[in-house]
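Asker: Here's a structure for you.
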Amino acid sequence: MSNRLFVAAAALAAWVLPQAAMAELKRIENKSEFVQLVQGKTLSRPLVRLTVTPDGKITGRGATWDVTGSWDWKNGFFCRDLNWGGDDLGYNCQAVLANGSEMRFIADQGAGQSADFRLR
């Protein structure tokens with residue numbers, strides 16, 4: 001297992017915020033609502049800090065590696081193209097749910113794995 005994969009697996013295992021603790025999340029269905037939530041904030045979870053800017057850029061750190069990418073809003077989904085520490089994570093359109101202080105991204109247009117973030 002590569003170091004990067006091991007660190008990612010360890011970070012995921014250490015993440016203790018249960019899914020049920022995410023207070024009543026509401027589906028975000030348009031770009032303006034999404035931008036209003038993330039503008040000026042950092043999306044954080046253990047070992048991950050990301051900034052998603054209104055002009056379509058994603059920057060931050062995941063474990064010890066830089067994260068860069070771009071995003072757009074298409075057909076009700078957050079569509080991103082991401083690079084993590086030199087690895088291309090590819091393009092994926094994700095459903096977004098939020099409650100103001102927490103945000104969940106669900107891969108594959110809401111049919112895949114999810115990742116929960118706090119907005120700080």
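The values are calculated or read from the model by the stated rules, or taken from the named source; none is laboratory data. Remember, it's a predicted structure, so these values are computed and weren't measured experimentally. FYI the Cβ positions are ideal-geometry reconstructions off the backbone, even for glycines, and counts take in every protein chain you see.
Asker: Taking the range 1-27 as the search range and keeping residues that are exposed (fewer than 15 other Cβ atoms within 10 Å of the Cβ) and assigned to a loop (DSSP other than H, G, I, E, B), which one is modelled with the lowest pLDDT?
Answerer: By that ranking, first place goes to V16.
Asker: For T42, indicate whether it is touching a Leu at 6+ places or on another chain (Cβ under 8 Å), surrounded by 13 or more Cβ atoms within 10 Å (Cβ to Cβ) and without any contact (Cβ under 8 Å) to a residue 40 or more places away in the chain.
Answerer: no
Asker: Going residue by residue through the range 88-99, is there one that turns out to be farther than 19 Å from N30 by Cβ, crowded, with 18+ Cβ neighbours inside 10 Å and touching a residue at least 12 places away in the same chain (Cβ under 8 Å)?
Answerer: So far as the range 88-99 goes, no, none of its residues is farther than 19 Å from N30 by Cβ, crowded, with 18+ Cβ neighbours inside 10 Å and touching a residue at least 12 places away in the same chain (Cβ under 8 Å).
Asker: Right, next: Can you name the residue in the range 45-65 that is out of contact with any Phe, Trp or Tyr (no Cβ under 8 Å at 6 or more places or on another chain) and loosely packed, with under 13 Cβ neighbours inside 10 Å and, of all such residues, is farthest from F117 (Cα to Cα)?
Answerer: Among those that are out of contact with any Phe, Trp or Tyr (no Cβ under 8 Å at 6 or more places or on another chain) and loosely packed, with under 13 Cβ neighbours inside 10 Å, it is D55.
Asker: Check Q94 against each of (1) within 11 Å of the chain's Cα centre (by Cα); (2) polar (S, T, N, Q); (3) at pLDDT below 95 and name the one condition it does not meet.
Answerer: Status for Q94: all satisfied but (3).
Asker: Please identify the pairs in which a residue from the range 103-115 that is acidic (D, E) has its Cβ atom under 8 Å from the Cβ atom of a residue that is surrounded by 14 or more Cβ atoms within 10 Å (Cβ to Cβ), counting only partners at least 6 apart or on another chain.
Answerer: D108/N92; D108/C93; D108/Q94
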